[in-house]
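Peer 1: I am attaching a structure below and will ask some questions about it afterwards.
The values are calculated or read from the model by the stated rules, or taken from the named source; none is laboratory data. As the structure is a computational prediction, the values presented were derived from the model and not from experiment. All Cβ positions, glycine included, derive from the backbone under ideal geometry; neighbour counts span all protein chains shown.
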Amino acid sequence: MKFNSAKNMFKRILLGLFVTSAFACQVDPRVSVLVEGSPNLKPDVQQGIIVKNVLKLIEDYHYKKVVLNDSLSSEIFDSYLKKLDPGRNYFLKSDIDDFEKYRYFFDDDFRSGDLSVPYYIFNVYQKRYNESVQFALSQVNNPFDFNVKDTLIYNREKLPWFTSKTESNTLWTKRVKYDLLNLKITGTDEAKNVETIKKRYENLLTQASKTNNQDVFQILMSAFTESIDPHTNYFVPARAQEFNEGLARTFEGIGARLQLDNEVVKVVEIIPGGPAFKANNLHANDRIVGVAQGKDGEFVDVIGWRIDATVSKIKGPKGTIVRLKIIPAGKELSSAPQIIEITRDKIVLEEQSAKKVIKTITQAGKTYKIGIIQIPAFYADWNAYQAGDPNYKSTTRDVHLLLDTLKNNKVDAVIIDLRSNGGGSLQEAVSLTGLFIKTGPVVQVRDTRNNVDIQMDRNNTIEWSGPLGVIVDRFSASASEIFSGAIQDYGRGIIMGTQTYGKGTVQQQVDVSKLLSPVEKLQIAEGDKNENINISANAPQFGQINLTISKFYRISGSSTQHKGVIPDVSFPMVYPADKYGESSQRSALPWDTINPCSYTTFSDISPIKKQLVVAHDKRMNSSTEYKNLLDDIAQIKKGDTEGSVSLNEAQLKKERDEQEAKALAKTNQHRAATGLPPLKKGETDTKHKDDFDFTQNECLKIMADYIRLKQ
């Protein structure tokens, strides 16, 4: 008998299962157990086949050379429970005790494609969720005394599981009380508050009822892959399409942002330049009640549908026609719908692409003009590139054009703002670096066999040779760290901000359909498929896995894994490293080094760096904005440790008023420093919001010092 089979049988014996004879069928109660009060979702044939193939891919090709065993099964078990109920607001201790016997089943069950255990756990979760929300709904009309001293513990992550329904109900009663109190202190009508909260909980139940087995599979696979490492991810078809569109910054459809509003899909925004914008027959706040394909397709009523199911019907290949039944904005839902026709096209998400702004700053009696290029991600439309589209979308192409504009405006320096840039395309990080250096290595990539590939910039042209700065923060990751690390190693510019995320791994996108055999595809075709799942024509049919296959290293030989990039001029870290970043992830790969590359630095700016730090520190010591930033950081830390809120109206209102007054005072301090009039309570000023970016403003001063010192 094979070891895995023997181990699997031993586990079932522990559960009290047995075989009555050599020819008897083993009955597994996990498959047949129905959870009362739950939709009792079940895995389908394709999910069992997919998990087996993903497991094999990970064991054969993952950088860690991992083997799924009992130890990893335990990690997946804990991760799955945490993903379902991270705040411990739904499960009871008795549920957790019941699940405990399955802790070491995940490895063997994944190998056999048996997903009955995680689906059973989810069905119990769904039951508890519905019970909790239904109980909360039953409490909405109760009279509450907001004058007594009481508190709601909203962060239960480290607290024990509920020992009884009574304990759970006590928390949910307090939650309803807080929701009502939260509205009451704003001065709104109490009867209206009750109706608002009632609709809120009814909507939660409605949305929960639309959960399908793809949702469960996504949660389960995320628990599985993230137990291997934080950046190996499986995406079901719809999520895979979203990921790929985000990486390309393009998609094919009608060009409208949609959201669900009381069971009806509402248009939130028409994307400028898109098909709906050009057709001018669909507008913000219109509601979509039916969708038909082509000029003669039959309409499908989409009222009550999930938002992603409706979107998949509306999206489609460039050049195809979709017809929509709409209720125009301002008309009753009972009004006769209008029918409109839109030809789908390719939409470029310009607002999520690189952008520029030019700022002027006066320092030491001189005025400097500085161009800031904000890059939200390292994106590239590889499908368009491979199809030979000369205007394909990419970060490097966009930044190249922006640099040309900045040079025409005769800026004195350029800042690349990579804050909150989580990365993206490795190739784009290399080619973007090439805009600022002549030629040379940019990053080293080591695979599972310890082979090192040096990614080079081979373009002799430097698009910007003047003073350069890069702003990073804790959420600058991956490709952002490749770029900023290379700029730092070459001495090409000044890195400003906080320590970066520390993601030093490389993922390859794998279409799961390429892993399946013809026999498996036939099994899926003949098996039960969930008819409620809508898959767009552009989505990978069986999903996609982003598999960690290598690590990248700076040309100096240091990995950015865990440690990230340390700025030349540092700012206080708003988000602590023990909670945010690679170093906070249990399954993250370790930091290490390899041999450095041979490269020639752009210039030696070490002496200038020291002077920049001295000047920066001097400004910080006398800066009100800096002190406010430190105060904000202290408040964030305090909020992380508290985890509770008062249910006493007078106390809560006092705390809110003090917080608002403090925030307004800080805002008016900033406004006074820039010559703007103070705001009154309740007033906002969106026009000048970018003027109060403390980090950016200080980085402009650092760059002014840098220009002066280099001259």
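Peer 1: Here is a list of conditions, (1) modelled with pLDDT under 95; (2) in the same structural domain as Ile416 (by TED's automatic domain parsing); (3) touching a strand residue (DSSP E or B) at 6+ places or on another chain (Cβ under 8 Å), and Lys366 meets all of them except one; can you say which number that is?
Peer 2: Every condition holds for Lys366 apart from (3).
Peer 1: Oh, and also: Tell me, yes or no, whether the range 614-624 has at least one residue that is small (Gly, Ala, Ser) and either within 20 Å of Gly485 (Cβ to Cβ) or not in a helix (DSSP H, G or I) (or both).
Peer 2: Keep residues of the range 614-624 that are small (Gly, Ala, Ser), which gives 615, 622-623.
Restricting the remaining residues to those that are either within 20 Å of Gly485 (Cβ to Cβ) or not in a helix (DSSP H, G or I) (or both) gives 622-623.
Yes, the conditions are met somewhere in the range 614-624.
Peer 1: While we're on this one: Sort out which residues of the range 184-214 are touching a helix residue (DSSP H, G or I) at 6+ places or on another chain (Cβ under 6 Å) and of a type in the set (Val, Ile, Thr), and write them in order of number.
Peer 2: Matches in the range 184-214: Ile185, Ile197.
Peer 1: Restricting the search to the range 403-440, which residues are hydroxyl-bearing (Ser, Thr, Tyr), closer than 23 Å to Pro567 by Cβ and assigned to a loop (DSSP other than H, G, I, E, B)?
Peer 2: Passing the criteria: only Ser420.
Peer 1: Only one of Leu647, Leu630 is at pLDDT 85 or above and either out of contact with any helix residue (DSSP H, G or I) (no Cβ under 9 Å at 6 or more places or on another chain) or in the same structural domain as Asp568 (by TED's automatic domain parsing) (or both). Can you tell me which?
Peer 2: Testing whether each residue is at pLDDT 85 or above and either out of contact with any helix residue (DSSP H, G or I) (no Cβ under 9 Å at 6 or more places or on another chain) or in the same structural domain as Asp568 (by TED's automatic domain parsing) (or both) leaves just Leu630.
Peer 1: On to the next question. For Lys681, all conditions in the list (1) in contact (Cβ under 8 Å) with a residue 12 or more places away in the chain; (2) assigned to a helix (DSSP H, G or I); (3) among the charged types (D, E, K, R); (4) more than 30 Å from Glu157 (Cα to Cα) hold save one; what is the number of the exception?
Peer 2: With respect to (1) in contact (Cβ under 8 Å) with a residue 12 or more places away in the chain; (2) assigned to a helix (DSSP H, G or I); (3) among the charged types (D, E, K, R); (4) more than 30 Å from Glu157 (Cα to Cα), Lys681 is out only on (2).
Peer 1: Sticking with this structure for a sec: Quickly run through the range 62-120 and pick out the residues that are aromatic (Phe, Trp, Tyr), assigned to a loop (DSSP other than H, G, I, E, B) and within 22 Å of Phe217 (Cβ to Cβ).
Peer 2: Selection gives Tyr90, Phe91, Tyr104, Phe105.
Peer 1: Also, quick follow-up: Which one is farthest from Ala704 (Cα to Cα) among residues in the range 354-370 that are part of a strand (DSSP E or B) and not β-branched (Val, Ile, Thr)? Step through it out loud before you land on a result.
Peer 2: First, the residues of the range 354-370 that are part of a strand (DSSP E or B): 355-363, 366-370.
Subsequent filtering for residues that are not β-branched (Val, Ile, Thr) retains 355-356, 359, 363, 366, 368-369.
Values: Lys355: 21, Lys356: 18, Lys359: 11, Gln363: 6, Lys366: 9, Tyr368: 7, Lys369: 9 Å.
Among residues in the range 354-370 that are part of a strand (DSSP E or B) and not β-branched (Val, Ile, Thr), the one farthest from Ala704 (Cα to Cα) is Lys355.
Peer 1: What are the pairs, 6+ residues apart or on separate chains, where a residue within the range 222-236 that is of a type in the set (D, E, K, R) has its Cβ under 6 Å from a residue that is crowded, with 23+ Cβ neighbours inside 10 Å?
Peer 2: Going by the 6 Å Cβ cut-off, the qualifying pairs are Asp229/Thr548.
Peer 1: With respect to Lys666, is the statement that it is free of Cβ contacts under 8 Å to residues at least 60 places away in the same chain, of a type in the set (D, E, K, R), in a helix (DSSP H, G or I) and not assigned by TED's automatic domain parsing to the domain that holds Gln488 true?
Peer 2: Yes, satisfied.
Peer 1: Could you go through the range 105-117 and let me know if any residue there is closer than 30 Å to Gly643 by Cβ and at pLDDT 95 or above.
Peer 2: No: the range 105-117 contains no residue that is closer than 30 Å to Gly643 by Cβ and at pLDDT 95 or above.
Peer 1: If you don't mind, another one. Would you mind stating whether Ala276 is modelled with pLDDT under 90, surrounded by 13 or more Cβ atoms within 10 Å (Cβ to Cβ) and in a helix (DSSP H, G or I)?
Peer 2: Taking the combined requirement at face value, the residue does not satisfy it.
Peer 1: I've got another one for you. In the set Gly639, Gly643, Gly675, which member is surrounded by fewer than 12 Cβ atoms within 10 Å (Cβ to Cβ) and closer than 23 Å to Lys149 by Cα? Talk me through it step by step, then tell me what you get.
Peer 2: On the way: Gly643 fails: surrounded by fewer than 12 Cβ atoms within 10 Å (Cβ to Cβ); Gly675 fails: closer than 23 Å to Lys149 by Cα.
Answer to the check: Gly639.
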